[in-house]
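The values are calculated or read from the model by the stated rules, or taken from the named source; none is laboratory data. Treat the numbers as computed from the prediction; the structure is a model and nothing was measured. Cβ atoms come from the backbone with ideal geometry, glycine included; neighbour counts cover every protein chain shown. Protein only, heavy atoms only, side chains kept; ligands, DNA and RNA dropped before computing areas. Shrake-Rupley method; radii C 1.70, N 1.55, O 1.52, S 1.80 Å.
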Amino acid sequence: MGEEPRFDRPEAFAERLRTFGPEPLLICHNDADGLSAGVILKAAMTRAGRPPSVRIVGKGENAYSDAFRQELAGLQIGGLVIADLGTAARLPREDVPAIVVDHHVPTGRPVNALTISGIADDPVPTSSLLAYRCAQSVGDAGDLLWLAAIGLIGDLADEAGFHEMAEARARYGITALRKATSLVNAPRRTASGDASAAFDLLEKADGPKAVLSGAYPETGSLLAAKAEVAVALDEARKVAPKVVGDVAIIRFSSPCQIHPLVAQAWRGRLKDRLVIAANTGYREGWVHFAARTATDRDILRFLAEVRPAGADEQYGNGHRAASGGALRAKDWNEFVHALGFGPEMTVPAGAP
């Protein structure tokens, strides 16, 4: 086996940013960690004299897909920052200075980008915490600390082990931080998947209590999103799992992105199984799924071993204990057959 790739440190962020031209583009994920990372990086870039435009990657999108590359191909941008969207060998634009900030297991490393990854650290920092450390290379970033905490809480079951989190708890209070995180995470799980209101609210607020206060109209939008997701989740929780060997699948249909929540809930009940929550209603013609386990099994390795021939960049990314993906109906059927499941788990093309 070859050596693990060496990644750059957050301290190099400010220096690389100086190579950017005007009107750079910042691309971020639409969950609490990605949104927080995006808001932090936008603030840091603006303070460094490189204010970016922002593109939030939404429902069914992938920043490393051909469709995304085509979208970016015609844009006039002075640089590219990608946050919380994975690390791949080929960037969506390779003709401009680039920075990647991410904490997922990399599938490759871009040759000409500053690649800031916490994957070799213990514990592994989230993208928002890496973004906060990047912001510190630009100047005083103390006012952005609470955003890093939002991302930590959103992505990690146990957010302990980081001195920044301990400082944020003392300054802002853990209850307010957790409630704000839950609210910010809601829009990306709705049928629309539009998290722009959450980004705007994080950018306007000066702390978690301001997020919850109702002083901004976006808070109402986020509360409505949370209610929509709660109804969908209640329905999906009524579905019983099907088990073959050491794999359990919970199959349901919802336009909301609740499959990670369903998988996490069953992970705690099926502690000796690898749990897959499969959502056939999230996007027409596709099955989106989340895989979780309470065992020490490496989910990324498991998914690689049973990877269908037609799987693309949307399959098998993330973390060793929390992964998933999206498969077209034909490839999903191949996937479940390989796991030993029968026709009760297959889906016709385009059917919920």
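A few comments on the model shown:
- If only residues of segment 164-184 that are in a helix (DSSP H, G or I) and small (Gly, Ala, Ser) are counted, the one that is farthest from Trp146 (Cα to Cα) is Ser182.
- Filter pass, Gly151 being open to solvent by less than 70 Å² (accessible area, probe 1.4 Å) and on the phi > 0 side of the Ramachandran plot: no
- Given (1) modelled with pLDDT of 95 or more; (2) open to solvent by less than 40 Å² (accessible area, probe 1.4 Å); (3) acidic (Asp, Glu), number of the condition Asp312 does not satisfy: (1)
- Qualifying position, being more than 22 Å from Pro260 (Cβ to Cβ), surrounded by 19 or more Cβ atoms within 10 Å (Cβ to Cβ) and under 21 Å from the mean Cα position of the chain (by Cα), among Leu17, Leu41, Leu35: Leu41
- Boolean, Arg109 is basic (Lys, Arg) and at pLDDT 95 or above: no
- Figure legend. Inter-residue proximity from segment 7-28: first residues under 13 Å from Ile77 (Cβ atoms) and of a type in the set (A, V, I, L, M), second residues assigned to a loop (DSSP other than H, G, I, E, B) and open to solvent by 30 Å² or more (accessible area, probe 1.4 Å), beta-carbon distance below 8 Å, spacing 6+ or different chains. Indicated pairs: Leu25/Leu75; Ile27/Leu85.
- Out of Ala176, Ala120, Ala168, one residue alone is of a type in the set (A, V, I, L, M) and either touching a Gly at 6+ places or on another chain (Cβ under 8 Å) or closer than 25 Å to Gly60 by Cα (or both). It is Ala176.
- Test: residue in segment 209-222 that is touching a residue at least 40 places away in the same chain (Cβ under 8 Å), within 27 Å of Ser192 (Cβ to Cβ) and open to solvent by less than 30 Å² (accessible area, probe 1.4 Å): no
- Test result for Thr346, open to solvent by 40 Å² or more (accessible area, probe 1.4 Å) and hydroxyl-bearing (Ser, Thr, Tyr): no
- Within the set Arg297, Arg273, the sole residue that is closer than 23 Å to Pro123 by Cα and open to solvent by 20 Å² or more (accessible area, probe 1.4 Å) turns out to be Arg297.
- Looking only at segment 69-109, and only at residues there that are basic (Lys, Arg) and open to solvent by less than 40 Å² (accessible area, probe 1.4 Å), the one that is nearest to Leu130 (Cα to Cα): Arg93
- Looking across segment 141-156, just one residue is of a type in the set (Gly, Ala, Ser) and modelled with pLDDT under 95, and that is Gly154.
- Among the numbered conditions (1) small (Gly, Ala, Ser); (2) buried (at least 20 other Cβ atoms within 10 Å of the Cβ); (3) over 29 Å from Ala197 (Cα atoms), the only one that Ala12 does not meet is (2).
- Residues of segment 25-67 that turn out to be of a type outside the set (D, E, K, R), closer than 18 Å to Asp95 by Cα and at pLDDT below 95, as a count: 4
- Failed item, numbered, when Val231 is tested on (1) open to solvent by 60 Å² or more (accessible area, probe 1.4 Å); (2) under 19 Å from Lys42 (Cβ atoms): (2)
- Of the criteria (1) without any contact (Cβ under 8 Å) to a residue 60 or more places away in the chain; (2) in contact with a Gly (Cβ under 9 Å, 6 or more places away or on another chain); (3) within 30 Å of Pro348 (Cβ to Cβ); (4) open to solvent by 80 Å² or more (accessible area, probe 1.4 Å), which one Asp194 fails: (1)
- Residue in segment 48-55 that is free of Cβ contacts under 8 Å to residues at least 12 places away in the same chain, open to solvent by 50 Å² or more (accessible area, probe 1.4 Å), closer than 26 Å to Glu313 by Cα and not in a helix (DSSP H, G or I) present: no
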